[in-house]
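Laboratory data are not the source of any read-out in this text; all were calculated from the coordinates shown. All of these numbers come straight from a predicted model, not from anything done at the bench. Note that we place each Cβ from the backbone using ideal geometry, even for glycine, and neighbour counts take in every protein chain shown.
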Amino acid sequence: MHSLIPNLLRRLRSDERGFILATSVIVLLVLLLTMTAYTLAASNNTTTASHTGSSAQALAAAQAGEQAALFRVNNAPGSGGASSGNGTLGDGATYSYTVTSLTSSSSPCTGLYVSSPNTLNQDCISSTGTANGVKQTVEERIAGYVPQTSLFPVNGIFAISGLSTTQISGTFSLGSNGTLSLTDANLSALSGQIEYLAGDLQQSQNAGEQCTGTCTPVVESSPGITVPSVADSVYAGAKTTNSDMTGITLVNASYSSSTYILTATNNSASATFSPGTYYFCGINVGGFSNFALNTTGSGIVRIYIDSSYRSGSPCTAGLGNIYGAGNSTASINSSGTSSNLQLYFYGQPGCTGTSCPPAITNMNATTMVADVFAPNSYMDPTSLTLDGALVVGDLTDQGALTATYQQPSSSGSGSGSSTFYPTATAVCPNSYATTGC
């Protein structure tokens, strides 16, 4: 009996130690599982937070691209309709965008088609932002009314400060807010209007040199004909977005991307432009004969020739024109359509008459089939044959002035272009690339 009790006590102590060990193992296992769960949850939260942050960053990049596209549509001619661009932001996120013209109410884009009795252009901007491999896409419908004003207030040639010539013929109108000196000009060969301020028309007293018959005199009210303008931002936009390096075919000529100058290097030089926007500080004919500037295709070529008078311009003082002609004969788009070539000269705002810088100098028998806008420049060709429309600060024609008016293209720049505004915007689902926004 005495030996049985100690044995039982020993067994109880042995069983207690096993129980405590088992309990300890279970407690440790529970703690391990709990810590693992917390670790996984924290990791998931970190991953989710990182993805959410990248998603927000990508969305901000997409919206930045959207704004960049809208700015370029409004400030860089030709950047609307089937154009694209990309950029990198300071935080490393990137964006890429496309701008597509909406040709009908069924053209796909976010928002409702904007109907209007007036001329209205509508485009669709799609912009995708990327941050740490995460992508977000936004889409924006933009619309802009096309102003009904034209850069060309006269159906032909408008010389703001004055015009002088002794030979004139063609089917066009001639206008000025200064003196029209047409002494000894055979005005019977002109079919069109002569628009001037009272007392500013000088003409011969010979019957054939009076503005009668098919030549119609029109006296304008003071202060004269309103002169439209092209904003400085249009030239700045053309400098930023252009086809200078890709759209020109040169023969006996070269182009410098550092000075923005196209230069003839031999006789019979030519530059042929495919549709697009181009930016120069000058075109140097180099004294060679027979310089030709041509266009190809049915699209519009817009050439902006900047000058040092514009703030922010890279151009050297004294440039901003087609120069160095010597005795060259200029052929500008002679076999093309005038509305397919638009030439814009910045010149010197505020100048008058021959104090303005020249747009085209010392050209022999200049032929232009183009719409030319140079209100802050003067021209003094030996003779000028124009098919299209012209605005110039002052024109002194030293020979025969012949012109045929052609209606300018409605898609010109400056005051004739739409200013676009957003009408609808949306953040697209991940399946946007295949299903649309």
Quick one: which residues, 5+ away or cross-chain, put their amide H under 5 Å from the amide H of Leu102? H built at 1.01 Å from N.
Gln122, Asp123, Cys124
Enter the Cα centre distance for the pair segment 139-188 and segment 189-268, rounded to the nearest angstrom.
8
Measuring from label point to label point, each 7 Å out along Cα→Cβ, what is the Thr214 to Asn266 span in nm?
4.4
Could you run the Karplus curve 6.51 cos²θ - 1.76 cosθ + 1.60 with θ = phi - 60° over segment 282-297 and give me ³J(HN,Hα) per residue in whole Hz, x for Gly and Pro?
x, 10, 9, 6, x, x, 7, 7, 6, 7, 10, 10, 10, 10, 10, x
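Apply 1/(1 + (r/R0)^6) to the Cβ-Cβ distance of Thr354 and Leu89, taking R0 = 60 Å, and write down the FRET efficiency to the nearest 0.05.
Numbers: r = 49 Å, r/R0 = 0.82.
For R0 = 60 Å, the calculated efficiency reads 0.75.
What does the net charge come to around Ser338 if you take all other residues with beta carbon closer than 9 Å to its beta carbon, with K and R at +1 and D and E at -1? Walk me through the intermediate numbers first.
Details: positive: none; negative: Asp371, Asp387.
Here the charged neighbours net out to -2.
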The Cα extents of segment 156-410 along the principal axes, largest first and rounded to whole Å, are 54, 35, 32
Mind pulling up the Rg/Rh value for segment 308-391? Radius of gyration and Kirkwood radius, both on Cα.
0.97
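Could you work out the relative contact order of segment 156-410, using alpha carbon pairs under 8 angstrom and six or more residues apart, expressed as a whole percent?
Values: 786 pairs, mean separation 43.9, N = 255.
RCO, segment 156-410: 17 percent.
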List, in order, the whole-Hz ³J(HN,Hα) value for each residue of segment 90-107 obtained from phi through the Karplus relation with A = 6.51, B = -1.76, C = 1.60 and θ = phi - 60°; use x for Gly and Pro.
x, 8, x, 5, 10, 9, 9, 9, 10, 10, 10, 6, 9, 8, 8, 5, 8, 4
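Can you give the Kirkwood hydrodynamic radius of segment 207-275 from its Cα pairs, in Å with one decimal? Show your work: numbers first, answer last.
Details: mean 1/r = 0.0594 Å⁻¹.
After inverting the pairwise mean of 1/r, the radius is 16.8 Å.
Net charge near Leu187, counting Lys/Arg +1 and Asp/Glu -1 over other residues with Cβ under 15 Å of its Cβ? Intermediate values should be presented prior to the final figure.
On the way: positive: none; negative: Asp184, Glu195, Glu209, Asp397.
Value of the local net charge: -4.
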Residue order, fewest to most surrounding Cβ atoms within 10 angstrom, among Tyr346, Tyr309
Tyr309, Tyr346
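When Lys135, Lys239 are ordered from fewest to most other Cβ atoms inside 10 Å of their Cβ, what list results?
On the way: Lys135 19, Lys239 22.
Least to most surrounded, the residues fall as Lys135, Lys239.
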Once phi is turned into θ = phi - 60°, what whole-Hz ³J(HN,Hα) does the Karplus curve with 6.51, -1.76 and 1.60 give for every residue of segment 388-404, x standing for Gly and Pro?
x, 9, 9, 10, 9, x, 8, 10, 10, 8, 8, x, 8, 10, 10, 8, 10
Using Cβ contacts closer than 10 Å as the measure, can you line up Asp184, Asp397, Asp244 from fewest to most?
Asp184, Asp244, Asp397
Could you give the length gained by full extension between Val30 and Thr396, i.e. 0.36 nm per residue of separation minus their alpha carbon distance, to one decimal place?
121.8 nm
Need the full-extension length gain, Thr246 to Val227, defined as separation in residues times 0.36 nm minus the C-alpha distance. One decimal, nm.
3.4 nm
Under the rule of at least 5 residues apart or a separate chain, name every residue whose amide H is placed under 5 Å from the amide H of Ala424.
Arg141
Could I have the simple spin-label model distance between Ala56 and Thr425, label points 7 Å from Cα toward Cβ, reported in nm to one decimal?
1.8
Would you grab the residues whose amide H sits under 5 Å from the one on Gly276? Only those 5+ places off in sequence or on another chain, please, with H modelled 1.01 Å from N.
Ile300, Val301, Arg302
